[in-house]
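Notes to accompany the following structure.
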Amino acid sequence: MKAMILAAGLGTRLRPLTLKTPKPLVLINGKALIEYHIENLSKAGFTDIVINHAWLGEQIEVALGDGAKWGVNIIYSSEGEPLETGGGIYRVLSKLSNAGEAFVVVNGDILTDFDFSSLRGLEPDVAHLILVDNPEHNPEGDFSCMPDGLVDMQGDKYTFSGISVLTPKLFAGCVENAFPLGRLLKSAIVKREVSGAVYDGSWIDVGTHERLEQAENYIKENT
């Protein structure tokens, strides 16, 4: 099972830090944000990781290399112009899934202690989403998780964590251009094709200076 880290965001809300440094390389307690993901994925047994990038992406390749430092093999997808979350995944679909098997996707701008080994071997019909309690910046949430394990857009909603298990079925009919993953997920949810689970551990969306400070404090308190 392969994994992809989405790392092509511009990080505009973290400027001026991201004017000369891509968001995945912003340091949290002396370590690049994306390194926490690579370490956690490697620990969970994922050895093949795809990373997309756009803004200052060459810095990411220089910093991480081929992944040997973490015992993984990293393949890069240089987008130039960002393809958004859905388009970025679609471009490298053949590198993530050779015969229709599922793969893990994680947003590069979150910090979490989620155990990725719990996703290994999971084969959802179309997609499986990890949801978390709603943070202050997303009080209304995104999706609900029903008693039967399916994700819905009605009821008490949680926030999509940016961690998912996807299959190529989700991208049927797509063409290579920029498009959001959320559009595909909502369409599949309406068709009752998406399962999910709620994670109650640590999770921070490192999207602003305030939440970057929160992430710093979390690492200091837990290392």
Checklist outcome for this item: Scanning the range 102-134 for residues that are in a loop (DSSP other than H, G, I, E, B), surrounded by 12 or more Cβ atoms within 10 Å (Cβ to Cβ) and not charged (D, E, K, R) gives Ala102, Gly108, Phe114, Leu122, Pro124, Val126, Asn134
Checklist outcome for this item: Note on Gly30: of the conditions (1) more than 19 Å from Ile204 (Cβ to Cβ); (2) surrounded by fewer than 16 Cβ atoms within 10 Å (Cβ to Cβ); (3) at pLDDT below 95; (4) of a type outside the set (S, T, N, Q), unmet is (1)
Item to check | Matching residues in the range 63-85 - criterion: being under 20 Å from Ala178 (Cα atoms), of a type in the set (Asp, Glu) and assigned to a loop (DSSP other than H, G, I, E, B) | outcome: Glu79, Glu81
Item to check | Those residues of the range 76-108 which are without any contact (Cβ under 8 Å) to a residue 60 or more places away in the chain and under 16 Å from the mean Cα position of the chain (by Cα), in sequence order | outcome: Tyr76, Ser77
Next on the checklist: Looking at (1) within 16 Å of Ile110 (Cβ to Cβ); (2) buried (at least 20 other Cβ atoms within 10 Å of the Cβ); (3) of a type in the set (Val, Ile, Thr), which one does Val50 not meet, given that it meets all the others?
Outcome noted: (1)
Item to check | Set Ile38, Ile60: member being touching a Pro at 6+ places or on another chain (Cβ under 9 Å) and assigned to a helix (DSSP H, G or I) | outcome: Ile60
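If I filter the range 87-101 down to residues being in contact with a helix residue (DSSP H, G or I) (Cβ under 7 Å, 6 or more places away or on another chain) and part of a loop (DSSP other than H, G, I, E, B), which single residue comes out as surrounded by the most Cβ atoms within 10 Å (Cβ to Cβ)? Lay out the reasoning, then the answer.
Step one: filter the range 87-101 for residues in contact with a helix residue (DSSP H, G or I) (Cβ under 7 Å, 6 or more places away or on another chain), giving 89-90, 93, 97, 100.
Narrowing further to those that are part of a loop (DSSP other than H, G, I, E, B): 97, 100.
Details: Ser97: 18, Gly100: 9.
That would be Ser97.
The values are calculated or read from the model by the stated rules, or taken from the named source; none is laboratory data. This structure is a prediction, so every number in the text was calculated from the model and none was measured. When we count neighbours, we look across all protein chains shown, and the Cβ atoms used for this are built from the backbone with ideal geometry, even at glycine.
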